[in-house]
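The values are calculated or read from the model by the stated rules, or taken from the named source; none is laboratory data. Given the structure is predicted, the values throughout are model-derived calculations rather than measurements. FYI the Cβ positions are ideal-geometry reconstructions off the backbone, even for glycines, and counts take in every protein chain you see. We work out accessible area using only protein heavy atoms, side chains counted, and drop any ligands, DNA or RNA first. Shrake-Rupley method; radii C 1.70, N 1.55, O 1.52, S 1.80 Å.
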Amino acid sequence: MDTPLKNLAIIGAGAMGSGIAALFASKGLNVVLIDPMEGALERALKTIDRQLNVYAPGNVQEAIQRIRLEPGLEAAAASDLVIEAVPENLDLKRGIFAKLDSLCPAHTLFATNTSGLSINAIASAVLRRDRFVGTHFFTPADVIPLVEVVRNDDTSEDTVAQVMATLRFAGKRPVLVRQDIPGFIANRIQHALAREAISLLEKGVASAEDIDEVVKWSLGIRLALSGPLEQRDMNGIDVHYAIASYLYKDLENRTEPSDLLKSKVDSGQIGAKSGQGFYTWSPERRERVLREKSATLGELAAWLNSKAGDS
């Protein structure tokens with residue numbers, strides 16, 4: 001497989017941008033990683049080195065040499081594809097693309113990495129809306145195979161084809177989201193699951209550890225091999241309908257974040273990065289989990305790919 005998009009620019013050198021840069025560089029593409037924040041590029045290089053040592057230990061220095069570190073957007077001017085991976089701030093993203101639109105040649109494709117912001121709203125900052133897509137990578141971006149490719153109302157078929165071909169070249173499994181809806185596919189499903197899990201914890205039905213245990217060792221294993229719709233077919237849609245008829249009315253359906261979730265945020269207990277969330281996290285535990293999870297996810301993804309083939 002080949003791709004016409006050989007030169008990539010990644011805007012934003014955080015965890016997501018670093019992972020995307022590492023991925024494409026490990027596949028032989030030229031990458032310029034751009035971030036104006038002091039110290040960001042140096043930190044990114046350490047992240048890239050760590051990640052490459054997990055899944056491409058024999059290719060670390062060769063891949064790193066394909067990554068050029070730059071502070072200014074002007075460095076993106078020679079790119080075939082620009083992937084923006086800055087924080088989830090609509091005005092920030094729009095401002096970056098407005099500048100890129102004047103810097104980059106007409107053939108350059110634009111992609112915004114977002115978990116759920118409107119692709120139409122971001123794309124409205126540029127004239128080349130036909131050459132603009134959303135690309136929702138998942139953390140860690142260089143390990144999780146799936147990428148949601150999200151159209152805006154004006155995205156051309158050729159743009160979709162080129163971006164998806166480049167992602168496949170890098171070993172990704174891209175899916176096309178045909179409508180620009182909040183949360184796309186994965187985050188709508190993920191947040192529905194998390195809303196129910198947090199509700200069960202808030203009600204005292206079970207501990208955080210036991211709720212996670214249920215998901216990991218029942219749903220998690222099964223969902224790796226069968227998605228929720230295929231599983232409904234396997235179980236029988238009539239069976240699902242019968243259970244749904246009495247269970248749906250008892251499921252969590254609030255339209256605002258729960259009191260427990262709000263209290264965690266208000267008290268600064270925001271997870272591993274603060275040391276406390278639903279669990280207690282030391283810096284050593286956080287680093288160990290990141291390393292172990294990246295390695296295990298890589299092995300699992302490779303095994304699943306070998307079973308699934310090129311679908």
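General observations
- Filter result for Asp233 (modelled with pLDDT of 95 or more and open to solvent by 60 Å² or more (accessible area, probe 1.4 Å)): yes
- Inside region 117-166, residues that are in a loop (DSSP other than H, G, I, E, B), open to solvent by less than 20 Å² (accessible area, probe 1.4 Å) and among the acidic types (Asp, Glu) make up a count of 1.
- Residue match in region 90-105 (condition: in a loop (DSSP other than H, G, I, E, B) and at pLDDT 95 or above): yes
- Among the residues making up region 120-147, those that are closer than 16 Å to Phe184 by Cβ, touching a Phe, Trp or Tyr at 6+ places or on another chain (Cβ under 8 Å) and not small (Gly, Ala, Ser) are Ile122, Phe132, Val133, His136, Ile144, Leu146, Val147.
- For region 42-55, the criterion of being surrounded by fewer than 16 Cβ atoms within 10 Å (Cβ to Cβ) and basic (Lys, Arg) is met by at least one residue.
- Candidates Leu300, Leu304, Leu290, Leu225: the one that is in a loop (DSSP other than H, G, I, E, B), over 18 Å from Ser199 (Cβ atoms), under 24 Å from the mean Cα position of the chain (by Cα) and at pLDDT below 95 is Leu225.
- Residue in region 267-286 that is in contact with a Phe, Trp or Tyr (Cβ under 9 Å, 6 or more places away or on another chain), loosely packed, with under 11 Cβ neighbours inside 10 Å and closer than 26 Å to Ala15 by Cβ present: yes
- Complete set of residues in region 70-100 that are more than 22 Å from the chain's Cα centre (by Cα) and open to solvent by 30 Å² or more (accessible area, probe 1.4 Å): Glu70, Pro71, Leu73, Glu74, Ala77, Ala78, Ala98, Lys99
- Annotation note: of Gly171, Gly220, Gly204, Gly134, the sole residue that is more than 20 Å from Val82 (Cα to Cα) and under 19 Å from the mean Cα position of the chain (by Cα) is Gly220.
- When residues of region 22-41 are limited to those that are in a strand (DSSP E or B) and of a type in the set (A, V, I, L, M), the one surrounded by the fewest Cβ atoms within 10 Å (Cβ to Cβ): Val32
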